[in-house]
1. Look through the stretch 127-168, keep the residues that are among the charged types (D, E, K, R) and in a helix (DSSP H, G or I), and return whichever of them is nearest to residue 196 (Cα to Cα).
2. Is at least one residue of the stretch 340-351 closer than 18 Å to residue 297 by Cα, among the hydrophobic types (A, V, I, L, M, F, W, C), in the same structural domain as residue 136 (by TED's automatic domain parsing) and surrounded by fewer than 18 Cβ atoms within 10 Å (Cβ to Cβ)?
3. If I go through the stretch 239-252 residue by residue, how many of them are more than 18 Å from residue 186 (Cα to Cα) and surrounded by fewer than 16 Cβ atoms within 10 Å (Cβ to Cβ)?
4. For the stretch 529-548, what are the residues that are assigned to a strand (DSSP E or B) and in contact (Cβ under 8 Å) with a residue 40 or more places away in the chain?
5. Can you pull out the residues in the stretch 178-209 that are part of a helix (DSSP H, G or I), in contact (Cβ under 8 Å) with a residue 60 or more places away in the chain and within 30 Å of residue 84 (Cβ to Cβ)?
6. Would the stretch 227-238 turn up any residue that is buried (at least 21 other Cβ atoms within 10 Å of the Cβ), assigned by TED's automatic domain parsing to the domain that holds residue 127, touching a helix residue (DSSP H, G or I) at 6+ places or on another chain (Cβ under 8 Å) and under 29 Å from residue 83 (Cα atoms)?
7. Which condition does residue 99 not pass, out of (1) touching a residue at least 40 places away in the same chain (Cβ under 8 Å); (2) over 18 Å from the mean Cα position of the chain (by Cα), if it passes all the others?
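The values are calculated or read from the model by the stated rules, or taken from the named source; none is laboratory data. All figures in this text were calculated on a predicted structure; none of them were measured in a lab. Positions of Cβ are backbone-derived with ideal geometry, glycine not excepted, and every protein chain shown enters the neighbour counts.
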Amino acid sequence: MRTRLYWTGRFRTGNSVIGRGRQTGVAIRISALAAAGLLSAVLVALVTMRPLLPIDETRYLDVAWEMHLGGDIFHLSRNFELYTHKPPLLFWLINLVWLGTGVAEFPARLVGPGFAVASAVALAGLARRLWPEDRETPAASVLALAGFTVFLFYASATMFDTMLLFATILGYGLIWRIGNGEEGAPLWAGLGLVFGFGVLAKGPVILVHLLLVLLAMALWAPRRPAAGRLIRGLGLSVAVGAGVAALWLIPALAGGDAAYRKELLWTQSAARVSGGLAHDRPVWFLLAALPLILYPWGWSMALWPRIVALVRADGGARMLALAAGSGLILFSLISGKQVHYLLPEYAAAALLVARGASGLGQGVRWRSLAPAVPAVAGLAALGLGAGIIPAKGDLAALTPVWSVMGFGAICLLVAVAGWRIGRFRGQALLGAGTAIAIHVLIATSGLYAAYDAGQIADRMAAAEANGIAVAGMPYNAEFNFRARLTTPVATPADAASLRSWAGAHPDGLLFAPLRRAPVSAPPMEELRYNGVTYGVWSGRDAAVSVRE
């Protein structure tokens, strides 16, 4: 059934009315389910146009592959060594998909996007609960979510964050009900199930997304529970969540040694907070990235005042603003941080955008700088294709010329269309169109081959029986899944161990980056992947030319 999305131009909360206009700035005619269908089509297209990206997606597919090979659903492994960095839910679900499809890359890569679409449907349901009188915001919130360019990149990836987004949206809904006076153990137990699901998806970080929203009810809840009931209810939620997590943790811990238990329970989480991981970043990193994270909606000068007014007047909006703001602040304070850690906060941002857009008159053109982004990208691409901008470094992979010129043309079309359409629909087009344009460039240019593990994986698959080694760099199992390896890749860390491996595998193959090659002999072959030129040596050649 289609919902006609028109509105009188007022925010209502209790007896207050804010904002006046003739028709909504959204003014779309589409149901929330249809909007989710559009999102699913975009995500499938993005998956199709992009290879598995190193090192995250390639690594996670290998973990799922090794779970398939070994049949152990409790102890994860990467390159056939215990892997404690992530919980098992993503890998369970990929293997569940493979039960129906057989082991294949494409269906495995749809698990993450599938949760993004499920999150969009859940988001529309949350909008109905927050503002039951508003018929337009559910569908508009889905389109707002689909309009965030960065969201589309990560929502189409094989990662854990869309599962966490789904859990976060469900948690918001339960917390809103609690803050509006609903009582009963089932409600708190449901929140505990959300906690448990989040832990199995990505660990205790689910509490970062939900706990402060729950504890800060005084800032937004009209009928919050008394302190005693809150404490008892939260205790029940934590107990239920711990019980769900224990379904995996107890068997995993029972089957591991002391070092494994310490790594699983403490080291990873502590290192993310205090530092020591590869993605440690300064406290200002996420703040500096906000213009990118919020593109295109955050670039609208007309939308911000409407959101501010909404937050002041509406308890649901204050809950969402608290959720988004607290996530940004808490992750900024944590040493290990990535942009995609904020993917769950996109739920709150999309709802605020959709509801805030309702205060903008349909006849009023939005003041937005967002069209400048694809416009500048398009002009730069045309300049690169015409030779005005020199193709140096990584830009050299942007060939053939027609691909670059096509990307430039698409970007300019997106910029002009977004500017001409204006308002809500134009902003959504700018965000989604920019993501699609970039993926078209990836699919049609040398970028696809530059990040496609196929060449090296094929060499490894053919050489597995004779032995494979990677040296001169950390190895994150980038090629194991693509090559369908059933034995570990050796990773000799010094000259003695490399010499020993080479002597034992004269017909094997050694792969190493040319710039850090631990052997002096010229390689038999050179292959390019992920910005690195790899050399390939036989074990026989490597054995007599190991660098000391």
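1. 161
2. no
3. 4
4. Once the filter is applied, which keeps residues that are assigned to a strand (DSSP E or B) and in contact (Cβ under 8 Å) with a residue 40 or more places away in the chain, the stretch 529-548 yields 529, 532, 534, 536, 546.
5. 197, 199, 200, 201, 202, 208, 209
6. Within the stretch 227-238 (the criterion being buried (at least 21 other Cβ atoms within 10 Å of the Cβ), assigned by TED's automatic domain parsing to the domain that holds residue 127, touching a helix residue (DSSP H, G or I) at 6+ places or on another chain (Cβ under 8 Å) and under 29 Å from residue 83 (Cα atoms)), the answer is yes, since at least one residue qualifies.
7. Only one criterion in (1) touching a residue at least 40 places away in the same chain (Cβ under 8 Å); (2) over 18 Å from the mean Cα position of the chain (by Cα) is unmet by residue 99, namely (1).
So that you can scan it fast, the table gives a plain yes or no per residue for (1) of a type in the set (Ser, Thr, Tyr); (2) crowded, with 16+ Cβ neighbours inside 10 Å; (3) modelled with pLDDT of 95 or more; (4) not assigned by TED's automatic domain parsing to the domain that holds residue 151:
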{"position": "278", "(1), (2), (3), (4)": "no, no, no, no"}
{"position": "284", "(1), (2), (3), (4)": "no, no, no, no"}
{"position": "292", "(1), (2), (3), (4)": "no, no, yes, no"}
{"position": "296", "(1), (2), (3), (4)": "no, yes, yes, no"}
{"position": "301", "(1), (2), (3), (4)": "no, no, no, no"}
{"position": "307", "(1), (2), (3), (4)": "no, yes, no, no"}
{"position": "310", "(1), (2), (3), (4)": "no, yes, no, no"}
{"position": "320", "(1), (2), (3), (4)": "no, yes, yes, no"}
{"position": "323", "(1), (2), (3), (4)": "no, yes, yes, no"}
